[in-house]
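The values are calculated or read from the model by the stated rules, or taken from the named source; none is laboratory data. Computed from a predicted model, the values in this text were never measured in an experiment. Virtual Cβ from ideal backbone geometry, glycine too; neighbours counted across all protein chains shown. Areas reflect the complete protein model, heavy atoms only, side chains present, ligands, DNA and RNA absent. Shrake-Rupley method; radii C 1.70, N 1.55, O 1.52, S 1.80 Å.
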Amino acid sequence: MTTSDGLLAATIREESGRLVTALYRRFGDFDVAEEAVQGAVAEALVAWRRDGEPRNPAAWLTTAAQRNALDLLRSSGRRARTAERLAAGSDDVAPGADEVAAIDPDDRLPLLFACCHPALAPEARLALTLRAVIGLTTPQIARAFLVNEQTLAQRIVRAKRKIVATGIELKVPEEIHDLDARLTDVLAVIYLAYNEAFVASTGSTHDRDLGADAVWLAEVVARSLPDQAEAWGLAALLRIQHGRAAARFTPTGDLVLLRDQDRSLWDASAFKQAGEHLARAASLHSPGRLQLQAAIAMCHAEAASWADTDWLQIVTLYGFLIREDASPVVRLNGAIALAQFGPEQTEIALRDIDRLADELAGYHLWHATRAELLRMLGRDDDAAAADTRALELTTNDAERRLIQTRLRKHPLTDGS
Amino acid sequence: MKYVLMFTSDPAQLASVSEEDAQAVYGKIYACFQENGAVITDSGAELQPIDTATTVKHGGVVVDGPFNEAKEVVGGFSVIDVPDMDAAIALAKTWPHLEFPGVAVEIRPMVEDYSQFE
């Protein structure tokens, strides 16, 4: 990604959600608003690269999006009269770009909550959020998540149609009980955006850094809902993970496990920021899953090496986390931490992991983790068999290469 | 906006509910309609049991039974008029029958804009 592409991406990210919101408020048509901004983003990607970034990129985008919105409204016969009335400048028309742009940054939140509405299919929530709220184009999303562009486009069209047809309003729930439940959905979508980007960030270069976009969005939410501890928890968690991103892959795109990462590549300033987010979360005295995950990630971030890691702290935190979220993947990760204490604990951890067989036998990391623990216990043949199974289940190239390397180092000796 | 709430249940699962519990919920349903009278229009209905259903199929064939073979059946519907989807969801969540297994409320927005035919 070049610097100018970075600036372009940052501008689009900053302006897209606000513009969709502003155009929706002005024209009352969510589909038109979203489509108009998408069009403007696509035009910007071409024009700014060709002609250089305009003097006022935000105003450029606003003008383009407004023009697109009016074109869209005019071209749909049913709404033609409305568009002309609005364009002619009658009473309920916002006068110009300045007014449309002068929306409070928090105004992205109602849009975000609508895009993550529980009435939408989970995969549609993610796609729509990336498009409408942070201005990714459909091809960019399709590339980042390795999905078929046409399928993705249909998913987005259906989600938008549902928002319009079912009367999902762009709003943040007022009742605290509703807000808690809905915020959980919103944070889950942002977390998913980050994780998907994290896993897929091998090989092909992208013109946007989706990981950074997800961190940014998590922080927008936290700042806008400053009393929500879990929002700060997610912001901290993603900051930490993103702060380690540079060490996660070799220059040739091979995956490097946490234990083997070159910690000098980690971004200490990201951890500092995450620490501030976590302190903010802790001051709200409302612990939760994401805060605990962030606290665990922080233990790793602060350790000078894998061996120097405060495993006791981590195992304790996993104890709390499993109380909040006893999902098999959390229990799997808790077992990995426990295994670091010595052979006896490794045995216990392996038994814990084996108990998850029913739920995780189809998950490549369950087999890969078993392989690691078996190897720690000197059971190399069992380990190789587990790695072989992990390899069969892995679809991600970087992960495949990692397991293949491991298998080359420790081949099966019994020929099975 | 107007929405249809379709009250559905799985008769097989409801069979395990005691008569006493069922009566208690009917009382709550009555109260629920009273409380939400302002947004529930008069056009709803409670339907006779599914074994009364008759279906006319493509070609005019008349058959005994419901239109599909799903185990869930529609037991009634209400038309509500509320500001938005969140209000519709909030109302649906208060449906007393939901305390029984296999019960669900489907929310469908009504087509209200016929301007394309004008």
Going Cα to Cα from B:Lys28, which lysines come in below 21 Å? Please leave out same-chain ones fewer than 8 positions away. B:Lys93
Convert each backbone phi in segment A:289-301 into a coupling constant with the Karplus relation 6.51 cos²θ - 1.76 cosθ + 1.60 (shift: θ = phi - 60°), then list the ³J(HN,Hα) values in order as whole Hz, x for Gly and Pro. 3, 5, 5, 5, 4, 5, 5, 5, 4, 5, 4, 5, 4
Positive-end residue of A:Ala246, A:Gly288, A:Val221, charge dipole of segment A:209-305 with Cβ unit charges: A:Gly288
Per residue, how much accessible area does chain B have with a 1.4 Å probe, in Å²? 65 Å²
Long-range HN-HN contacts of A:Leu120 with modeled amide H, under 5 Å: none
Once a ≥ b ≥ c are taken as the square roots of the eigenvalues of the Cα gyration tensor of segment A:170-329, is the result rounded (a/c under 1.5), prolate (a/b larger than b/c) or oblate (a/b not larger than b/c)? oblate
About its Cα centre, the protein assembly as shown carries a charge dipole, from +1 on Lys and Arg Cβ atoms and -1 on Asp and Glu Cβ atoms, whose size in debye to the nearest 20 is 1500 debye
Once all protein chains are kept in place, B:Met6 shows an accessible area at probe 1.4 Å, nearest 10 Å², of 50 Å²
With B:Tyr3 itself left out, Lys, Arg at +1 and Asp, Glu at -1 over residues whose Cβ is under 11 Å from its Cβ give -2
Mean shadow area of chain A over all directions, Cα convex hull, nm²: 22.5 nm²
On the protein heavy atoms, probe 1.4 angstrom, tell me the percent of accessible surface of the protein assembly as shown carried by carbon and sulfur. 53 percent
Global form of segment A:106-225, assessed from the alpha-carbon gyration tensor, a/c cut-off 1.5: oblate
Going residue by residue through segment A:163-176, the Karplus relation 6.51 cos²θ - 1.76 cosθ + 1.60 with θ = phi - 60° gives ³J(HN,Hα) values, rounded to whole Hz and with x marking Gly or Pro, of 4, 5, 5, 8, x, 7, 8, 7, 7, 8, x, 7, 5, 4
Set of aspartates and glutamates with alpha-carbon distance to A:Lys160 below 14 Å, sequence-local pairs under 8 removed: A:Asp29, A:Asp31, A:Glu34, A:Glu35, A:Glu123, A:Glu169
Kindly provide the GluC sites (Glu not before Pro) of segment B:28-105 that DSSP labels as loop, not H, G, I, E or B, and whose Cβ sees at most 10 other Cβ atoms within 10 Å. B:Glu69
In segment A:118-198, the chymotrypsin sites (Phe, Trp or Tyr not before Pro) that sit in a DSSP loop and have at most 12 other Cβ atoms within 10 Å of their own Cβ are none
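Computed on protein heavy atoms with a 1.4 Å probe, what is the summed buried accessible area for the chain pair B and A, in Å² to the nearest 100? All intermediate terms of the calculation are to be shown ahead of the outcome.
Working: alone 8060 and 19630 Å², together 26890 Å².
Approximately 800 Å², summed over both chains.
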Cβ neighbours within 10 Å from other chains - mean over A:167-179: 3
Across chain A, where is the longest run that never hits GluC sites (Glu not before Pro) in a DSSP loop with at most 15 other C-beta atoms within 10 Å? A:176-416
Of B:Val111, B:Asn68, B:Ala45, farthest towards positive along the dipole that unit charges on Lys, Arg, Asp, Glu beta carbons give segment B:2-112: B:Val111
How would segment B:2-112 be classified by its alpha-carbon gyration tensor: rounded, prolate or oblate, with rounded meaning a/c under 1.5 and the a/b versus b/c comparison settling the rest? oblate
Over segment A:106-225, average the accessible area per residue using a 1.4 Å probe and give it in Å², no decimals. 38 Å²
Relative contact order (%) - chain A, alpha-carbon pairs under 8 angstrom, separation at least six: 11 percent
³J(HN,Hα) across segment A:277-283 via Karplus (A = 6.51, B = -1.76, C = 1.60, θ = phi - 60°), whole Hz, x for Gly/Pro? 4, 5, 4, 4, 4, 4, 5
